[in-house]
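Colleague: This is the structure I want to talk about, given as structure tokens.
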Amino acid sequence: MKVSGFTFVRNAIKFDYPVAEAIRSILPVCDEFIVAAGNSDDATRELIASIEPSKIRIIDSVWDDNLREGGSVLAVETNKALDAVSDDTDWAFYIQADEVVHENFLSAIQEGMERWKDNARVEGLLFNYLHFFGSYDYVAASRDWYRREVRIIRKRQGIRSYRDAQGFRNQGRKLNVKLLDAWVYHYGWVKPPGSQQAKQESFHKHWHDDEWVQNNIPPASEFDYNIISGLKKFEGSHPEVIKKRISSGKWEFRPDPVKNKLPPVQKVLQTIEDLVDWRIGEYKNYRII
């Protein structure tokens, strides 16, 4: 069985993305790893090249900064990396620059890929998600965050990154997938407040025009993390590959107990979900078979 990892990245150092940790977290189950390295203002390319040259292949890319609707440039860059995956690969393992897979799940992932490798009906494998927010000590636990997404796919004609690269579609159709007993740890909302503010001011330009950014992302020296409710204390362990980054963190965040309370309707819906593992009205970018 051949497995190819792939991702895209730009300005990882400037905006404090744990892309090296993301790649290293799944590298043990990959035979090759393709990185579409965008035109960065920092040493992102050099960082990628230093990880494991024997497995990693870099595709140099220039982002089209005129694509400013719905994050479509992210899908374009994802597809550049996907297209460079070897044609004889059985599974293409996608990970974004702010996602890390815990080493405890690698065996389950490997077993899933082996189990469904020869079942042509299975087009992808689905992961559960933990969304960290504010610091490495808190996770988002409300309906505002997606619970699952596809991160392993077949390399087939027609399967492409969808919209803002959150998931994939096959000629516009949702993929038929199997759910793995594995989790992706999403760290995109865990950065020093200054770095997070800089990322927000830059990142939203891939979705909106300058006027929207100016009106909705006002300039500030630091990002205010007390903007959402439903955070819970994280009681588990973090992946080994990110522990060094965690230990070097120099900011503190504690949710405001008043702002962290869910509105009454959200609280009822969340209680139902917690009891029966059913999210009422959930958007699913996939079809579990």
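Colleague: Can you name the residue in the stretch 174-195 that is part of a loop (DSSP other than H, G, I, E, B) and surrounded by 19 or more Cβ atoms within 10 Å (Cβ to Cβ) and, of all such residues, is modelled with the highest pLDDT? Lay out the reasoning, then the answer.
Modeller: First, the residues of the stretch 174-195 that are part of a loop (DSSP other than H, G, I, E, B): 175, 190-192.
If we keep only those that are surrounded by 19 or more Cβ atoms within 10 Å (Cβ to Cβ) too, we end up with 175, 190-191.
Values: L175: 98, V190: 95, K191: 92.
Among those residues, the one meeting the criterion is L175.
Colleague: Just name the residue that is modelled with the highest pLDDT out of those in the stretch 41-55 that are out of contact with any Lys or Arg (no Cβ under 7 Å at 6 or more places or on another chain) and of a type in the set (D, E).
Modeller: Taking the candidates together, the pick is E46.
Colleague: Six or more apart or on different chains, Cβ atoms under 8 Å: show the pairs whose first residue is in the stretch 241-256 and within 13 Å of V190 (Cβ to Cβ) and whose second is assigned to a loop (DSSP other than H, G, I, E, B) and of a type in the set (S, T, Y).
Modeller: I246/Y136; G249/S135; G249/Y136; W251/S135; E252/S135; F253/S135; F253/Y225
Colleague: Another question about this same structure. Hey, could you check the stretch 27-60 for residues that are among the aliphatic types (A, V, I, L, M) and assigned to a loop (DSSP other than H, G, I, E, B) and say which is surrounded by the fewest Cβ atoms within 10 Å (Cβ to Cβ)?
Modeller: Within the stretch 27-60, the match that is surrounded by the fewest Cβ atoms within 10 Å (Cβ to Cβ) is A43.
Colleague: Right, something else. Quick check, is R154 at pLDDT 95 or above, among the charged types (D, E, K, R) and out of contact with any Asp or Glu (no Cβ under 9 Å at 6 or more places or on another chain)?
Modeller: Taking the combined requirement at face value, the residue does not satisfy it.
Colleague: Moving on. Looking at V76, V85, can you tell me which residue is within 18 Å of A165 (Cα to Cα) and part of a helix (DSSP H, G or I)? Break it down into steps so the answer makes sense when it comes.
Modeller: Values: V85 fails: part of a helix (DSSP H, G or I).
Answer to the selection: V76.
Colleague: Give the residues of the stretch 101-130 that are assigned to a helix (DSSP H, G or I), in contact (Cβ under 8 Å) with a residue 12 or more places away in the chain and acidic (D, E), sorted by residue number.
Modeller: Within the stretch 101-130, E103, E114 meet the criteria.
Colleague: If you don't mind, another one. Can you tell me which residues in the stretch 131-159 are surrounded by fewer than 20 Cβ atoms within 10 Å (Cβ to Cβ), without any contact (Cβ under 8 Å) to a residue 60 or more places away in the chain and in contact with a strand residue (DSSP E or B) (Cβ under 8 Å, 6 or more places away or on another chain)?
Modeller: Residues satisfying the conditions are W145, R156, G158.
Colleague: May I ask you to verify whether V241 is aliphatic (A, V, I, L, M), modelled with pLDDT of 90 or more and closer than 30 Å to D83 by Cβ?
Modeller: So V241 passes the test.
Colleague: All but one of (1) at pLDDT 95 or above; (2) assigned to a loop (DSSP other than H, G, I, E, B); (3) under 19 Å from V190 (Cβ atoms) hold for F15; state the number of the condition that does not hold.
Modeller: Checking F15 against (1) at pLDDT 95 or above; (2) assigned to a loop (DSSP other than H, G, I, E, B); (3) under 19 Å from V190 (Cβ atoms), the one that fails is (1).
Colleague: Exactly one of these conditions fails for S4: (1) modelled with pLDDT of 95 or more; (2) within 22 Å of V213 (Cα to Cα). Give me its number.
Modeller: With respect to (1) modelled with pLDDT of 95 or more; (2) within 22 Å of V213 (Cα to Cα), S4 is out only on (2).
Colleague: Given (1) within 20 Å of W145 (Cα to Cα); (2) loosely packed, with under 14 Cβ neighbours inside 10 Å; (3) out of contact with any Asp or Glu (no Cβ under 9 Å at 6 or more places or on another chain), where does H238 come up short, assuming only one miss?
Modeller: Single failed check for H238: (2).
Colleague: I would also like to ask the following. Might you check whether a residue that is under 16 Å from the mean Cα position of the chain (by Cα), assigned to a loop (DSSP other than H, G, I, E, B) and surrounded by 17 or more Cβ atoms within 10 Å (Cβ to Cβ) occurs anywhere in the stretch 160-173?
Modeller: yes
The values are calculated or read from the model by the stated rules, or taken from the named source; none is laboratory data. As the structure is a prediction and not an experimental result, all values here were calculated from the model. Using ideal geometry, Cβ is built from the backbone for each residue, glycine included, and neighbour counts are taken over all protein chains shown.
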